[in-house]
Amino acid sequence: MDNKIPVQIKPTIKTKYVYEKLRICNNCHRYTILREDNCTFCGKPGLLPLREKAAATVRRTMRNERLAAILITLISIFFGRSFQEMAIGLAGGVILTGCLWFVQHRLLPRAVSREIARMFLHDRQRIADGLIANLDRAVETGKEDKARSYEMLREIAALVHDDTIRSLQIILLQSFVLRKDMELELEPLLQSRFDPDLARYIGELAKIKRELIKDRTFRYILKYEHEIASLERGEDILAGVAGAAVRLKRYVLSYSDFISRYARLLPKERFLRLYRVIATNPNEPWTSLADEVYRIYNEKYQWDADFQQITPRSISL
């Protein structure tokens, strides 16, 4: 794509749990997962993290329970028929309130978690409506600011696992000039279907950030290898993924047949790495990969000084 644009993408805000990205408006009680100052629905400030809202609700309930305990204490004092009964009522109320406060304090984290679960169950439709509104806004924002649109979609995708949203993210990523210093992702974008844009994106990552290519991606590539090969420069994509696999011996072993099909297309630096892995581990079950590697070595690199520095433990030509 010739009209790619340079962008700055903000890093993802990390949370222990995905639901912690959700916020709720303190005015209209609608939900959003976007990082914004004002509510998408009512336009007012006052967005609270879900845990903070749940904690406030629990604390309010617990405060009411303590007030009820104090009220019971006051009633028992008021209806005491003697000073002794009033004193007993006061002492009992103090003990009751103190025990209640202690128990509430100990149970607060668990109560907050239960309140969050209740909010998810009770407000399912509001949460869904909020996420749909977020998605509409992200798509609309893409007309003006593609980088911000991608950031919005990335936030939504943290909670909504849907191939349509993944496809929108990939389309935007394919419109950017990708750099190694960007916070990019791959496995969250993998789909259950073949997506040519995803295949091209994987091909780009194989050049600039091959450490993102792991087992799930290799399995995706193997599943749709024929479709990828039929794309323009499809073999280059597959060779790039094969080159990413040679960074770990484990990957070379697991995907040796795949690598052997594209070993001839590997750039020298990646083939050198592959040759080193094969040559220094002759007893591993490389299947046909070892024969292919040594054939390419004899044809192209046997007089190359970089390869002469590697001393094979055992070579079967």
**Asked** Which of the residues that make up the range 31-46 are among the polar types (S, T, N, Q) and modelled with pLDDT of 85 or more?
**Response** T32, N38
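Does D163 qualify as being modelled with pLDDT of 90 or more and farther than 23 Å from R200 by Cβ?
Details: modelled with pLDDT of 90 or more: yes; farther than 23 Å from R200 by Cβ: no.
Answer is no for this residue.
Check R233, R247, R193, R166 and return the single one that is of a type in the set (D, E, K, R) and on the phi > 0 side of the Ramachandran plot.
Details: R247 fails: on the phi > 0 side of the Ramachandran plot; R193 fails: on the phi > 0 side of the Ramachandran plot; R166 fails: on the phi > 0 side of the Ramachandran plot.
Of R233, R247, R193, R166, the one residue that is of a type in the set (D, E, K, R) and on the phi > 0 side of the Ramachandran plot is R233.
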**Message:** Which of the numbered conditions does T40 fail, given that it passes all the others? Conditions: (1) within 30 Å of H29 (Cα to Cα); (2) in a helix (DSSP H, G or I); (3) of a type in the set (V, I, T).
**Reply:** (2)
**Request:** Write out, first by first residue and then by second, each pair whose Cβ atoms fall under 6 Å of each other, whose residues are 6+ apart or on separate chains, and whose first residue, in the range 214-238, is touching a residue at least 24 places away in the same chain (Cβ under 8 Å) while the second is of a type in the set (D, E) and in a loop (DSSP other than H, G, I, E, B).
**Result:** none
**Prompt:** Just one of the numbered conditions (1) out of contact with any Lys or Arg (no Cβ under 8 Å at 6 or more places or on another chain); (2) at pLDDT below 95; (3) crowded, with 19+ Cβ neighbours inside 10 Å is not true of I259; which one?
**Reply:** (2)
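Scanning for something at negative phi, in a helix (DSSP H, G or I) and of a type in the set (K, R), does the range 47-56 turn up at least one residue? Break it down into steps so the answer makes sense when it comes.
Filtering the range 47-56 for residues at negative phi gives 47-56.
If we keep only those that are in a helix (DSSP H, G or I) as well, we get 50-56.
After this cut, where a residue has to be of a type in the set (K, R) as well, the list is 51, 53.
Within the range 47-56, one or more residues are at negative phi, in a helix (DSSP H, G or I) and of a type in the set (K, R).
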**Near pairs, Cβ below 6 angstrom, 6+ apart or cross-chain, from the range 268-290 (over 15 Å from R247 (Cα atoms)) to any residue that is in a helix (DSSP H, G or I) and not β-branched (V, I, T)** = W286/S256; T287/S256; S288/S260; L289/S256; L289/S260
**Message:** Taking the criterion of being assigned by TED's automatic domain parsing to the domain that holds R63, surrounded by 13 or more Cβ atoms within 10 Å (Cβ to Cβ), in a loop (DSSP other than H, G, I, E, B) and touching a Ser or Thr at 6+ places or on another chain (Cβ under 9 Å), would at least one residue in the range 111-131 satisfy it?
**Reply:** no
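Yes or no: the range 50-58 includes at least one residue that is more than 30 Å from K21 (Cβ to Cβ) and more than 29 Å from the chain's Cα centre (by Cα).
The initial filter retains those residues of the range 50-58 that are more than 30 Å from K21 (Cβ to Cβ), namely none.
The answer is no, given that none of the residues of the range 50-58 is more than 30 Å from K21 (Cβ to Cβ) and more than 29 Å from the chain's Cα centre (by Cα).
Check whether at least one residue in the range 46-63 is within 30 Å of I127 (Cβ to Cβ) and in contact with a Cys (Cβ under 7 Å, 6 or more places away or on another chain), and report yes or no. Even if it seems obvious, please write down each step before you answer.
Just the residues of the range 46-63 that are within 30 Å of I127 (Cβ to Cβ), to begin with: 46-63.
Next cut, in contact with a Cys (Cβ under 7 Å, 6 or more places away or on another chain) only: 46-47.
Taking every residue of the range 46-63 in turn, at least one turns out to be within 30 Å of I127 (Cβ to Cβ) and in contact with a Cys (Cβ under 7 Å, 6 or more places away or on another chain).
Residues checked against (1) exposed (fewer than 14 other Cβ atoms within 10 Å of the Cβ); (2) of a type outside the set (F, W, Y); (3) in contact with a helix residue (DSSP H, G or I) (Cβ under 9 Å, 6 or more places away or on another chain):
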position	(1), (2), (3)
T217	no, yes, yes
E225	no, yes, yes
G240	no, yes, yes
E269	yes, yes, yes
R273	no, yes, yes
W286	no, no, yes
N298	yes, yes, no
W303	yes, no, no
**Prompt:** How many residues are part of a loop (DSSP other than H, G, I, E, B) and among the aromatic types (F, W, Y) when one looks only at the range 1-34?
**Reply:** 1
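For C25, indicate whether it is modelled with pLDDT of 90 or more and in contact with a Cys (Cβ under 8 Å, 6 or more places away or on another chain).
Values: modelled with pLDDT of 90 or more: yes; in contact with a Cys (Cβ under 8 Å, 6 or more places away or on another chain): yes.
Answer is yes for this residue.
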**Prompt:** List the pairs whose first member sits in the range 47-65 and is modelled with pLDDT of 90 or more, whose second member is outside any helix (DSSP H, G or I) and surrounded by fewer than 21 Cβ atoms within 10 Å (Cβ to Cβ), and whose Cβ atoms are under 7 Å apart, counting only residues at least 6 apart or on separate chains?
**Reply:** L48/N26
**Complete:** Within the range 132-150, of all residues that are touching a residue at least 12 places away in the same chain (Cβ under 8 Å) and closer than 23 Å to N27 by Cβ, the one surrounded by the most Cβ atoms within 10 Å (Cβ to Cβ) is A138
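The values are calculated or read from the model by the stated rules, or taken from the named source; none is laboratory data. Small disclaimer: the values here were computed from a predicted structure and weren't measured. Backbone-built Cβ (ideal geometry, glycine too); neighbour counts: all protein chains shown.
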